[in-house]
Amino acid sequence: SAVISQKPSRDICQRGTSLTIQCQVDSQVTMMFWYRQQPGQSLTLIATANQGSEATYESGFVIDKFPISRPNLTFSTLTVSNMSPEDSSIYLCSVVGGNEERAFFGQGTRLTVV
Amino acid sequence: GENVEQHPSTLSVQEGDSAVIKCTYSDSASNYFPWYKQELGKRPQLIIDIRSNVGEKKDQRIAVTLNKTAKHFSLHITETQPEDSAVYFCAARLSQFYFGTGTSLTVIP
């Protein structure tokens, strides 16, 4: 399986600011996803990061709030913009490898907005 | 889109007993069904998966069964151990993954 490095692992941010989360994979992957996980809850898909084009967002998530970049097949970023306390959550990147169906997760970013 | 339901939400078993978690899905086009284990404060870890052309798969104490006609699949853990305590998520895949709501499993020593 791919080795996924996600950072930062945690951060405490002031409301109104933005945080960019990075996801780096040690091999080229076909698909990269960004999820949000509230404490004790399931994984909610924010968007699919598309290499070289705009991300595909799920209902309830918009590009202005969660801009995503994917400049190549091994790297993606998720920005949480103009943060409010409601954005406090764990954010996870997930990847699917070239010839695989299996999805693997980064270690997550625990975000607290104060 | 796909809708995945998972039951039960919590499950407590005595060490050595079996645990069964069930999921249903709505879209018959879903063709891949993984199970993840998530320990507190850690990332979800893939523990077993099954493709739509297979009815059952086993890996040591863990097995997954799939009934395509009924659109449901189940995770079976035998001879449970305290280290099996975690939250388990099922998922169904079309182009993306749709996750169940999770089952918190507690194995009582």
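Every number here is computed from the coordinates shown, using simple stated rules; none is lab data. Small disclaimer: the values here were computed from a predicted structure and weren't measured. Counting neighbours? That spans all protein chains shown, and the Cβs are built from the backbone with ideal geometry, glycine included.
Directionally averaged projected area (the protein assembly as shown, Cα convex hull): 12.2 nm². Using the Stokes-Einstein relation with a Kirkwood hydrodynamic radius computed over Cα pairs, the translational diffusion coefficient of chain B at 20 °C and a viscosity of 1.002 mPa s comes to 155 µm²/s. Couplings 3J(HN,Hα) for the stretch A:84-95, derived from phi with the Karplus relation 6.51 cos²θ - 1.76 cosθ + 1.60 (θ = phi - 60°), are 10, x, 5, 7, 4, 5, 9, 10, 10, 9, 9, 10 Hz, where x marks Gly and Pro. Couplings for the stretch A:18-35, taken from phi via the Karplus curve 6.51 cos²θ - 1.76 cosθ + 1.60 with θ = phi - 60°, read 10, 10, 10, 9, 10, 9, 10, 10, 7, 8, 5, 10, 7, 10, 9, 10, 10, 10 Hz in order; Gly and Pro are left as x.
Of the cross-linked pairs B:K42/B:K71; B:K37/B:K58; A:K65/B:K22; B:K22/B:K58; B:K22/B:K42; B:K42/B:K68, those separated by over 25 Å at the C-alpha level are B:K42/B:K71; A:K65/B:K22; B:K42/B:K68.
As a rough guide to protection, the peptides A:80-93, A:52-65 ranked by mean Cβ packing within 10 Å, highest first, stand as A:80-93, A:52-65. Summarising the label geometry, the points placed 7 Å from Cα in the beta-carbon direction at B:E5 and B:L46 lie 2.8 nm from one another. Remark on the stretch A:1-90: hydrodynamic radius 13.7 angstrom, per the Kirkwood mean of 1/r across alpha carbon pairs. Under a model in which nothing but the beta-carbon of Lys, Arg (+1) and Asp, Glu (-1) is charged, the protein assembly as shown shows a dipole of about 220 debye around its Cα centre. Under 5 Å from the amide H of A:I21 lie the amide H atoms of A:L78, A:T79, A:V80, each residue being 5 or more positions distant or on a separate chain, with H modelled from the backbone and absent for Pro and chain starts.
The Rg/Rh ratio for the stretch A:56-114, using Cα coordinates for both the radius of gyration and the Kirkwood hydrodynamic radius, is 1.00. Model label points for B:Y32 and B:E15, set 7 angstrom from Cα along the Cα-to-Cβ axis, are 3.7 nm apart.
Scanning residues 5 or more positions from B:D27 or on other chains, those with amide H under 5 Å from its amide H are B:N3, with H placed 1.01 Å from N in the peptide plane. Fully extending the segment from A:Q41 to A:S81 would add 12.2 nm, taking 0.36 nm per residue of separation and subtracting the current Cα-Cα distance.
By the beta carbon rule, with partners counted only under 4.7 Å, chain A holds these lone Cys residues: A:C13. When the Cα centres of the stretch B:1-64 and the stretch A:83-114 are compared, how far apart do they sit, in Å? If you average the Cα positions of each part, the centres end up 20 Å apart.
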